[in-house]
1. Those residues that are buried (at least 23 other Cβ atoms within 10 Å of the Cβ) and β-branched (V, I, T), I need them from the stretch 19-45; list them, please.
2. Could you say which residue among E55, E87 is of a type in the set (D, E), touching a Pro at 6+ places or on another chain (Cβ under 8 Å) and either at pLDDT below 85 or closer than 21 Å to L469 by Cα (or both)?
3. Say we look at the stretch 360-374 and pick out the residues that are in contact with a helix residue (DSSP H, G or I) (Cβ under 9 Å, 6 or more places away or on another chain) and of a type in the set (A, V, I, L, M, F, W, C); which of these is surrounded by the most Cβ atoms within 10 Å (Cβ to Cβ)?
4. Report the residue count in the stretch 272-293 for those that are of a type outside the set (S, T, N, Q), touching a helix residue (DSSP H, G or I) at 6+ places or on another chain (Cβ under 6 Å) and either in the same structural domain as V57 (by TED's automatic domain parsing) or under 14 Å from G131 (Cα atoms) (or both).
5. In this structure, is L329 touching a Leu at 6+ places or on another chain (Cβ under 7 Å) and farther than 24 Å from M465 by Cβ?
6. So in the stretch 90-108, with the set limited to residues that are within 14 Å of T19 (Cα to Cα) and either at pLDDT below 90 or of a type in the set (F, W, Y) (or both), which one is farthest from the chain's Cα centre (by Cα)?
7. Could you list, in sequence order, the residues of the stretch 273-298 that are closer than 21 Å to D448 by Cα and not in a strand (DSSP E or B)?
8. Would you check if there is a residue in the stretch 201-213 being surrounded by fewer than 21 Cβ atoms within 10 Å (Cβ to Cβ), over 21 Å from R154 (Cβ atoms) and of a type in the set (G, A, S)?
Amino acid sequence: MSNPTENSPRLKLRSVLATDCGSTTTKAILIEKVGEEYRQTWRGEAPTTVEAPFEDVTRGVVNAATEVQELSGRKLVTEDGGILTPEQDSNEGVDIYISTSSAGGGLQVVVGGVVRTMSAESATRAALGAGAIVMDTFATNDKRRPHEQIERIRQLRPDMILMAGGTDGGTRKHVVALAERIRAARPRTRLGGGFNLPVIYAGNKDVRPEISELLNEVCDLQLVNNVRPVLEDEDLGPARDKIHDLFMEHVMAQAPGYDKLMTWTDAPIMPTPGAVGLIMQTIARQRGINILGVDIGGATTDVFSVFTEIFNRTVSANLGMSYSVSNVLAEAGLPAILRWVPFDINEKMLRNRIGNKMIRPTTIPQTLEELKIEQAIAREALRLAFIQHKEFAVGLKGVQQDRTIADAFRQSGDDSLVQMMELDLLVGSGGVLSHAPRRVQSMRMMIDAFAPEGITQLAVDSIFMMPHLGVLSTVNEEAATQVFEKDCIIYLGTCVAPLGAVKAGQPALKVSLEMPGGKVIDEVLDSMELRLYQASHDDEVQATLTPLQRQLDLGAGPGKPLTKTLRGGVVGIVIDTRGRPDIQIPTEPNERVAMLDRWVRALGEYPDEEGG
């Protein structure tokens with residue numbers, strides 16, 4: 001189908017069907033215009049059918065759409081098993097049908113560059129921003145010998161290779177050497193089918209003739225603008241766009257049933273992570289805020305950020321809550337997970353619980369103890385993924401920068417674009433966050449893992465519809481943002497946390513809150529406390545916050561008071577005096593359990609442990 005534009009008659013939108021074809025589940029949502037605004041009205045899901053015995057992704061799509069049809073009473077599926085999108089005004093079908101996909105392992109890319117921390121890193125940013133999983137990054141300085149790199153490329157069988165290197169007019173020899181290694185590897189596509197593997201060249205434009213001569217015979221070579229045309233600048237857009245085009249032409253066209261699905265959709269199918277990144281960027285741009293998002297799955301954890309209008313995405317490919325749960329244990333270490341478990345448990349028992357989850361990845365916690373353990377693991381998976389993201393989301397390497405006095409006072413070695421004191425909104429998604437039995441559990445998991453500083457709003461994606469809204473934003477931004485605010489996002493509340501190490505056993509913060517209805521709360525909070533104040537997202541709470549330890553900073557400067565209007569949420573306003581950037585938890589079991597129990601009760605996280 002031809003892609004609709006914002007001005008086309010069909011884009012006087014009244015109804016949209018959107019699907020996300022995941023690796024295990026296909027999720028469908030119906031969006032309709034209710035009065036003057038767009039709302040998500042019905043949803044359905046069905047197993048994804050990309051693998052044997054079905055080997056046709058459209059069957060899962062139709063099954064999910066049929067569930068929406070049955071719930072809504074609106075005819076969505078045609079007699080011959082397609083999606084009904086009538087050209088004329090009709091009470092049947094929908095105006096447009098759109099979809100995202102990560103089925104079949106998602107979009108898998110190998111990246112090559114001359115210098116790992118320069119051209120290769122820029123190319124990696126382009127691939128991740130397009131929604132890819134980067135299987136490996138090779139460079140002339142990555143310490144592997146040429147024959148080892150060649151063998152590795154042969155083994156990986158990616159969906160495509162993105163190759164960069166050299167500024168325009170810069171190095172030639174090393175770029176040609178990379179192309180020679182790709183030629184020698186003669187890489188084959190993951191899905192077979194007799195197609196040549198797509199290779200995108202986004203390096204020194206002066207070397208294009210040599211690259212074409214080396215690679216035209218052995219792959220489907222695509223030439224785009226240099227991702228690093230000069231040392232001081234990146235141009236990632238053309239490479240990202242080409243990755244998406246090739247995803248549609250090669251990867252989707254070869255996957256079972258996608259050729260049929262592409263004829264149904266009214267906008268190009270997008271990789272699921274790419275669509276999530278798009279809605280994040282849309283919201284950040286429209287509201288003029290810095291935003292951080294995370295999607296924690298069974299095998300991987302994606303982290304997205306938009307700071308000062310710069311978008312970054314990372315994939316922690318071995319940090320997840322089911323298939324990769326043992327890797328979380330290996331990377332974090334048992335003491336790091338144990339510090340979040342609010343009861344006494346021996347190490348052998350904890351290892352066994354984690355191993356059991358890995359070999360039975362689809363199980364969910366059956367007891368309160370199992371739930372607490374799972375949420376402890378989630379904190380470490382999120383924390384480790386966030387560390388990786390901060391290390392990747394940095395300014396350009398190799399560029400000499402003028403440094404200000406403010407830079408000198410940043411954390412030593414902290415050149416990340418992600419500065420938590422400047423964060424406005426933290427959004428979580430994925431089963432362990434979106435489907436936690438109580439929203440307060442999600443909020444504390446995110447506070448513990450990300451350690452937000454200053455004043456930060458927290459939210460979760462209610463039913464993981466951000467991918468659907470990301471692709472919708474390419475068609476109708478107003479509809480996407482209205483549904484995001486009204487139905488997708490659930491505001492948990494605001495976290496107030498001063499930056500700085502706290503002195504234990506001493507008062508940390510004086511709190512004065514003018515609550516709705518005229519009630520005034522004046523309290524002094526000691527160090528290492530969590531305190532919850534009930535307030536909805538519609539409430540405006542006038543707060544005056546005064547650090548009582550001169551090193552503590554809420555954003556106005558060390559030791560200086562801050563007056564701010566705070567908003568609550570379904571949980572409320574949480575004030576955290578446990579210190580930043582690191583939350584120090586006792587290692588001695590009895591002390592640890594007592595402290596965690598105090599925090600749990602303060603927030604009322606579990607049914608048998610109510611707080612106030």
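The values are calculated or read from the model by the stated rules, or taken from the named source; none is laboratory data. If you're wondering where the values come from, they're calculated on a predicted model, not measured in any experiment. Methodologically, a virtual Cβ is constructed for each residue, glycine included, from the backbone with ideal geometry; neighbour enumeration extends over all protein chains shown.
1. Of everything in the stretch 19-45, those that are buried (at least 23 other Cβ atoms within 10 Å of the Cβ) and β-branched (V, I, T) turn out to be T19, T26, I29, I31.
2. Details: E87 fails: touching a Pro at 6+ places or on another chain (Cβ under 8 Å).
Unique residue meeting the criteria: E55.
3. I373
4. Residues of the stretch 272-293 of a type outside the set (S, T, N, Q): 273-280, 283-285, 287-289, 291-293.
After this cut, where a residue has to be touching a helix residue (DSSP H, G or I) at 6+ places or on another chain (Cβ under 6 Å) as well, the list is 275-276, 278-279, 291, 293.
Now restrict to residues that are either in the same structural domain as V57 (by TED's automatic domain parsing) or under 14 Å from G131 (Cα atoms) (or both): 275-276, 278-279.
Qualifying residue count, the stretch 272-293: 4.
5. Working: touching a Leu at 6+ places or on another chain (Cβ under 7 Å): no; farther than 24 Å from M465 by Cβ: yes.
Answer is no for this residue.
6. Among those residues, the one meeting the criterion is Y97.
7. Initially, the stretch 273-298 is screened for residues closer than 21 Å to D448 by Cα, giving 290-298.
Within the stretch 273-298, N290, G297, G298 qualify.
8. Pass one, the stretch 201-213, residues surrounded by fewer than 21 Cβ atoms within 10 Å (Cβ to Cβ): 205-206, 208-210, 212-213.
Restricting the remaining residues to those that are over 21 Å from R154 (Cβ atoms) gives 205-206, 208-210, 212-213.
The next check asks that each one be of a type in the set (G, A, S); those that pass are 212.
Checked against the condition, which is being surrounded by fewer than 21 Cβ atoms within 10 Å (Cβ to Cβ), over 21 Å from R154 (Cβ atoms) and of a type in the set (G, A, S), the stretch 201-213 yields at least one hit.
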